Amino acid sequence: MIRRLLMLALLLLAGPALAENRAALAPGPHDAVVNQVRLWYQVAGRSSGEPVVFLHGGPGEGSQSFAALAGPALEPRLRMIYLDQRGSGRSERPWTNAYSTALLVEDLEQLRRLWNVPRLALIGHSFGTVVALEYAARYPDHVGHLVLAASAPDMPALLERQCDRLEATDPEAYRRAVAGREAGASARCNSFAAYEGEEQHRRIYRNMFPDPATEARVEAADHANGLRNTGELSGAIFSNGFLAYRFAHPERLTMPVLIIAGGADYQAVVEPQRALAARLPRGRIVEYPGAGHFMWAEQPERFARDVAAFLARP
């Protein structure tokens, strides 16, 4: 009897430390100050289960378009957390201009500790896949499953494939890109020098959106309620050598990893994503033929089914 009472007392004492922070994971929007920055996130969907954190791209775009266009299909199946990274969406722009991939990783870890959950599932999109990869490599015990949509694990290889496309589709633009190549660059051309001004912007959007209707829906959702990408985070990331980024530690990703690639995505091209899947201990890739960079907006029901089925795996 005494032994049972002692065990019960220990469980009662340990209970608060083991329980998740229900207030911080209650449905609805939240603000949390971590690493001296106020971050905004929203909890939606199922009331229990492993939290699934969405890490948006841009860099700096915010989570609003994913929540609006993919959320309705995901939330009946999953416990979703839509996080706006520092300087993005509804989160604070740090007055110190403190931006880096390493800081974004540590912001997520501080949130996990605030939520008091042992593991997270992560869905990264575009630049968000870099944050997801680096977090999972640094904290593999805290990631149950990893989903990478339109991933960018090898920027030099990605840029080289963009040079291939320019050479095949617009030889004159390709010549400008070769002439604009910077000394020491890994790719044989600088695709950002292929066009100027608005035409460069259109090239990027043509690469991402095979369907103009999807572009219109994503753009409208991104800019709803006056939100916009300020460019602070993206400027810092690109100025710190992002175009040379290569994910260096696939062996650390011991959790199951699902890569979802659009077959018609010419921004995050599929070849480097296939190469990453082949290097991962428990990785696999699913390709959506004809889909672009925002496959979760083009095919939200398929995306939700694939992700939910994957996350249900032990």
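None of the figures in this text is laboratory data; all of them are computed from the coordinates on show. Quick caveat: nothing in here was measured; it's all calculated off a predicted structure. Positions of Cβ are generated from backbone atoms using ideal geometry, with glycine treated the same way; all protein chains shown enter the neighbour counts.
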With both bridge residues required to lie in the chain, what share of the DSSP beta bridges run antiparallel, to the nearest 5%? 35
Under the Debye formula (equal points on every Cα, no solvent term), log10 I(q)/I(0) of segment 237-314 at q = 0.11 Å⁻¹: -0.34
Net charge, Ala149 excluded, C-beta distance under 13 Å - Lys, Arg +1, Asp, Glu -1: -3
Based on the Cβ-Cβ distance from Arg284 to Trp95, what FRET efficiency comes out when R0 is 35 Å, to the nearest 0.05? 0.25
On each of the three principal axes of the Cα atoms of the chain, give max minus min coordinate, whole Å, ordered largest first. 85, 41, 38
Regarding segment 158-206, what is the average projected area of its C-alpha convex hull, in nm²? 3.1
Return Ser239, Ser100 ranked ascending by Cβ neighbour count within 10 Å, so the fewest neighbours appear first. Ser239, Ser100
For Ala102 paired with Ser47, estimate the spin-label separation in nm (one decimal), with each label point 7 Å from Cα along the Cα-to-Cβ line. 4.2
Taking only C-alpha pairs under 8 Å that are 6+ residues apart, what is the relative contact order of the chain in percent? 19
Please sort 110-119, 143-152 by packing, taking for each peptide the average over its residues of neighbouring beta carbons within 10 angstrom, highest first. 143-152, 110-119
Between Arg119 and Arg188, what length in nm is gained on full extension when 0.36 nm per residue of separation is reduced by their alpha carbon distance? 20.7 nm
